Amino acid sequence: MSAAEPGIGRTAALSAERLVRQPIIVALALIAALLVAGELLSPGFASGEQILRLLIVAALLGIVAAGQNLVILGGREGIDLSVGGVVSLSAIVAGNIMNGADAGIVPAILACVAIGGLFGLINGVGVTLLRIPPLVMTLGMLGVLQGLLVVVRQGIPSGNAAPALSGFVTQPFLLGLPGIIWLWIGIGAFMAFLLRRTVFGHRIYAIGSNEHAAAMAGVPVRLMRVSLFILSGMFAAIAGICLLGYSGQSFANVGEQYMLPSIIAVVFGGTPLSGGKGGYTGTMAGAVLLVILQSILTTINIDEAGRQIVFGATLLVLMLFYGRGRAMRG
Amino acid sequence: MSGLVAQPGAGAHTGIGRIFERFPFLPAFVILIALLVLNGLFEPNSLSFGALTGLVSTYLALMLLAVAQTYVVYAADIDLSVGAILSLVNVSIIVLMQLMGGSALSVLVACFAGIGIGLACGIFNGIIVAGLRLQPIVATFATSIIFTGIALYIMPVSGIPAPSVYWRTYGGRLFDVPFVIYLAVAVAVILYVIARTRLITQLLAVGDNQQSAYQSGLPVTMTRIRGYALCGVFAALAALCITGDTASGDPLVGGAMTLNSVAAVVLGGTALSGGVGSVAGSVIGALIIGLVNSLVFFVGTPSEWQNLVQGLAILVALTVGILVSRRAGQ
């Protein structure tokens, strides 16, 4: 940017450089590189079947990250640490409502999305009306959700997924792809439409980059922020239902593993934690990237300790590609 | 000094406002007293010297971990790896003491080695976050994975006991006074001395306004690295306490404590946005968490409801604390 008047010869080089700096391009290149590396390390890693399985796992993370993405885009340190708790709660509630019967799927979805939305609403009200910082509010809510899980788990069995739900998540549905992949693509299209083509979407960027200016321009900032948290809770609830379909049963705290990875997927997708810029398409690539990385590490023949060390170190190296803060200038 | 602690725009003209500015932990202190009274009402024995000593010996680790977190929060940073550092130091000193035969000298050597390990982890975090300019939340999450991996490498499964001289000393008495009382007094003196150092002033200045701190000639990057280093040392001290309390090694012992350390910091009146706060508040915050847990038990909450009530109580305490200190500041 500091090169105010690039010479004609430098324009092409600059635009190539800009292309390389696009987070989604970086993520896609890294995904391709990791697939090649995986295939070299363990032949069959990049087979169609295997990639499909990775995409299912990535879809689960990606759906949670959709809500996380919205909250982060809205700025003012927006973050939702409670998503993991909502995923767990939703999985167990859905399992009990459907209890192995297809007839229970629709009621389960309605109930879970309502529950997720309710917790999002409480988060949103705390953040806007009471002006509690999002990190603190959602951290406190996570504690409540974890306690609620203990209560729920005590009173009722873990519950089973309906066959149709399991089929939707794990079996081919259309063009050889399972339903969850289509659902994820649908969510991707919905998010792209929402963020680029609707007033609501434009207002998200507006409050994320300059809340005061947005408020001056008549954007209902509080209402916007509450809706973002509600959407985050709803997406987490949907992910919880899908997770139940994936594993067949709900386990204690299955959702916990989505809390921080959902944030990392957003960051790897090119949405900085400061909000106001970025989008969901990158986040989808970020989710795939994270899942492939984890999967490669499980195929390498090292113990759990080594795997964690390599995973953490790789995350750090990858972060160097994305949104490093600006250097201090006088 | 008051110029550094005051939040911009907050009117320090009213009497109450000035008191809160000087003692940001005042709301927490009131909550602490209320909790002590409630504990005493429901279980008179809980206010006995022995019971309070037990509370301190159980929660000294969380207090120190909250103090560790406070030093980075001063500078508007955050460290999600404190729990992992605690785990790493815990397993490291256990293995070291075992290798050296479990004598009193080996305990001493291991303690110093543990503090060194905490320091190294802290400096590593500082270089990653401040030096490489990565976002603290995601970067320290990545380093926490690395530290956990190293802890798992050192001790793959939990359960190796500490030498008896170690936990007998921690849980024992010296001249008829419980050993943890000496520790608590020593910690208080150390905290008092640290609070007077220039580093704390610099950390608060960086947290208050990084840009203006830089422009007035502060070494911002170096200050933040020092903050993380101090955080690592106190996480190690917390590990020494938890080792005395649990008397065994567990590579995952600190995992759940990270978010509690953040909650304790906020409960204590320290703003996550940096620039204002106190370690005394964080110590009180950790005690509040401990007293909430014991109160929920004393009022006879059914066991499966305890976590939920604890979670709700902490969420309410977080909210009330923030609301009260804001109102007082206006």
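The values are calculated or read from the model by the stated rules, or taken from the named source; none is laboratory data. It should be emphasised that the depicted structure is a prediction, and the values quoted were computed from it without experimental measurement. All Cβ positions, glycine included, derive from the backbone under ideal geometry; neighbour counts span all protein chains shown. Each accessible area value is taken on the protein alone, full model and side chains, heavy atoms only, with ligands, DNA and RNA left out. Shrake-Rupley method; radii C 1.70, N 1.55, O 1.52, S 1.80 Å.
Inside the stretch B:270-319, residues that are open to solvent by 30 Å² or more (accessible area, probe 1.4 Å) and either within 18 Å of A:Gln146 (Cβ to Cβ) or outside any helix (DSSP H, G or I) (or both) make up a count of 17.
Among the conditions (1) more than 30 Å from A:Ala162 (Cα to Cα); (2) at pLDDT 90 or above, the only one that A:Ala239 does not satisfy is (1).
On the stretch given as the stretch A:216-266, residues that are part of a loop (DSSP other than H, G, I, E, B) and of a type in the set (S, T, N, Q) total 2. Between A:Gly255, A:Gly330, A:Gly275, the distinction of being at pLDDT below 85 and facing chain B (nearest Cβ under 9 Å) belongs to A:Gly330 only.
Among the residues of the stretch B:173-180, are any within 19 Å of the chain's Cα centre (by Cα), surrounded by fewer than 21 Cβ atoms within 10 Å (Cβ to Cβ) and more than 14 Å from chain A (Cβ to nearest Cβ)?
Step one: of the stretch B:173-180, the residues within 19 Å of the chain's Cα centre (by Cα) are B:180.
Among the residues that remain, those that are also surrounded by fewer than 21 Cβ atoms within 10 Å (Cβ to Cβ) are: none.
No, that holds for no residue.
Restricting attention to the stretch B:138-155 and to residues that are at the interface with chain A (Cβ under 7 Å from one of its Cβ atoms) and open to solvent by 30 Å² or more (accessible area, probe 1.4 Å), the residue that is farthest from B:Asp250 (Cα to Cα) turns out to be B:Phe141.
Residues of the stretch B:235-255 include at least one that is open to solvent by 30 Å² or more (accessible area, probe 1.4 Å), under 23 Å from B:Gly149 (Cβ atoms) and within 14 Å of chain A (Cβ to nearest Cβ). Within the stretch B:70-91, can you find the residues that are under 27 Å from B:Pro156 (Cα atoms) and buried (at least 24 other Cβ atoms within 10 Å of the Cβ)? Residues satisfying the conditions are B:Asp79, B:Ser81, B:Val82, B:Gly83, B:Ala84, B:Ile85, B:Leu86, B:Ser87, B:Leu88, B:Val89, B:Asn90, B:Val91. Are any residues in the stretch A:55-101 in a helix (DSSP H, G or I), more than 23 Å from A:Phe190 (Cα to Cα) and of a type in the set (A, V, I, L, M, F, W, C), and if so, which ones? A:Leu89, A:Ala91, A:Ile92, A:Val93, A:Ala94, A:Ile97, A:Met98, listed by residue number.
Of all the listed residues (B:Thr169, B:Thr223, B:Thr201), the sole one being of a type outside the set (Gly, Ala, Ser), touching a residue at least 60 places away in the same chain (Cβ under 8 Å), assigned to a helix (DSSP H, G or I) and open to solvent by less than 40 Å² (accessible area, probe 1.4 Å) is B:Thr223.
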